[in-house]
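Let me begin by presenting the structure, written as structure tokens, before commenting on it.
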Amino acid sequence: MRTRVTMRGLELTELGLGAAQLGNLYRETTEEEVAETIDTAWDAGIRYFDTAPHYGVGLSERRLGAGLRTRPRDEYVFSTKVGRLLVPSPDTAHERDGHGFDVPADPVRQWDFSRDGILRSVEESLERTGLDRFDILYLHDPDDHFEQASTEGIGALIELREQGVVRAVGAGMNHAAPLAELIRRADVDILMCAGRFTLLDDEALGDLLPLAEERGIAVVAAAVYNSGLLSKPRPAPDALYDYQPAPAALLERANAIADLCEAHGVTLPEAAVAYPLRHPAVASVVLGARGRAQVAQNADRAAASIPDALWNDLAAAGLIPKELA
């Protein structure tokens, strides 16, 4: 598995494992599937693992930490996130979580980007994972709390970095503009951009990626399939884009990209995984998976050989920017 090194010397595999499914995203993930997911990722050479308290209200952190605890700690990179504290809620324990995870609604999430909230979140995540340290800490979806998160919140993370508690800090968001603004405001190392640098969405090429490259800040590309539209060799008519039915224009664009991929012996998902890594600021692509088959499929897609002629043809057809051909 190829790796890329960040400005502060953090080595990330070009393919990372996103662990939302380990938190029972949409449905239960069995313990057998959890073990298969982690073991298959490790055997495939994946050494970057990402989770968050939000994923199954702590379940993903517990499972991922347990699955990696016997592995050599210096051989992998582990990231989690801050901004949502998990608060006991026995009154709702009989209900199911309302945020897409098949878990009881106890505990519940509470937004908190204060210094004390950040420090408490990190301490509780260390306890859940059973690890002695994290490599990366991200502010998680601070859109509606950006002023506090981009000052007090990131300040707390920088403090932890200076103390040696964590090696790199930044934020993970679904929009590129606030990530670019965070670069302007704070001494961040790494950013996770979900869904905004894909074959169908180049929002991050506006300010974020040029600024990140200029400052030497690493970017992790997530949600590169845009919720499913790019996840199959030929997009389904009812495919989703950003969790909603894909507009006709985007379906047409995805099919046009698929046509050129097929002409070069490449699948659409293979191109979707490879594309973000063409930008020098991107250090890794993180893909979620559940079970042996999905992890193996992701690894195979990441290992696919993509001819330069495909990128040239996509650029000539106006389907990707010429600078990424």
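What follows is calculated from the coordinates using simple rules that are stated; it is not laboratory data. Since the structure is predicted, the reported quantities are computational estimates derived from the model, not experimental observations. Positions of Cβ are backbone-derived with ideal geometry, glycine not excepted, and every protein chain shown enters the neighbour counts.
Using Cβ point charges alone (K and R +1, D and E -1), the dipole size of segment 131-252 about the Cα centre works out to roughly 380 debye. Taking the centroid of alpha carbons for each part, segment 1-41 and segment 91-105 are 24 Å apart.
Rounded to the nearest 20, the size of the Cβ-charge dipole of the chain about its Cα centre is 500 debye, with Lys and Arg at +1 and Asp and Glu at -1. When DSSP beta bridges are restricted to pairs lying wholly in segment 130-253, around 15% turn out antiparallel. In order along segment 127-134, the Karplus-derived 3J(HN,Hα) couplings, from 6.51 cos²θ - 1.76 cosθ + 1.60 at θ = phi - 60°, round to 5, 5, 7, x, 8, 8, 6, 10 Hz, and Gly and Pro are given as x. Residues of segment 140-184 falling in the label zone of Arg133, defined by backbone nitrogen less than 19 Å from a point 7 Å along Cα to beta-carbon, are 156-170.
The magnitude of the dipole of segment 9-136, with charges of +1 and -1 set on the Cβ of Lys/Arg and Asp/Glu and taken from the Cα centre, is near 340 debye.
Along segment 171-188 the Karplus relation, 6.51 cos²θ - 1.76 cosθ + 1.60 evaluated at θ = phi - 60°, assigns HN-Hα couplings of 8, x, 8, 9, 10, 7, 4, x, 5, 5, 5, 5, 4, 5, 8, 9, 7, 8 Hz to successive residues, with x for each Gly and Pro.
In segment 207-325, if every C-alpha pair distance is counted and binned at 5 Å from zero, what percent goes to each bin? Histogramming segment 207-325 at 5 Å steps yields 2, 11, 19, 23, 22, 16, 6, 1, 0 percent. An ellipsoid equivalent to segment 37-177, defined through the eigenvalues of its Cα gyration tensor, has semi-axes of 23, 21, 14 Å when rounded to whole angstrom and sorted largest first. Amide H contacts of Met192 (H built 1.01 Å from N, in plane; Pro and chain starts excluded): Ala171, Gly172, Met173, Val220 sit under 5 Å, all sequence-distant by 5 or more or on other chains. The tail of the calculated P(r) for the chain beyond 26 Å holds 45 percent of all Cα-Cα pairs. Along the charge dipole of the chain, which of Leu240, Ala303, His145 sits closest to the positive end, that is, farthest toward it, with unit charges on the beta carbon of Lys, Arg, Asp and Glu (+1, +1, -1, -1)? It is Ala303.
Tell me, what is the percent relative contact order of segment 215-269, built from C-alpha pairs under 8 Å that lie six or more residues apart? The value is 33 percent. Here is how the number arises for the chain: DSSP H runs of 4 or more residues each give -39500 (n - 2.57), the sum is divided by the residue count, and the result at 222 nm is -10000 deg cm²/dmol. With the chain treated as a Gaussian network of Cα nodes joined by springs under 10 Å, which of Asp112, Asp202, Asp308 yields the largest mean-square fluctuation? Of Asp112, Asp202, Asp308, the Gaussian network model singles out Asp308 as fluctuating most. One quarter of the convex hull surface built on the alpha carbon atoms of segment 1-65 amounts to 4.7 nm², the projected area averaged over directions.
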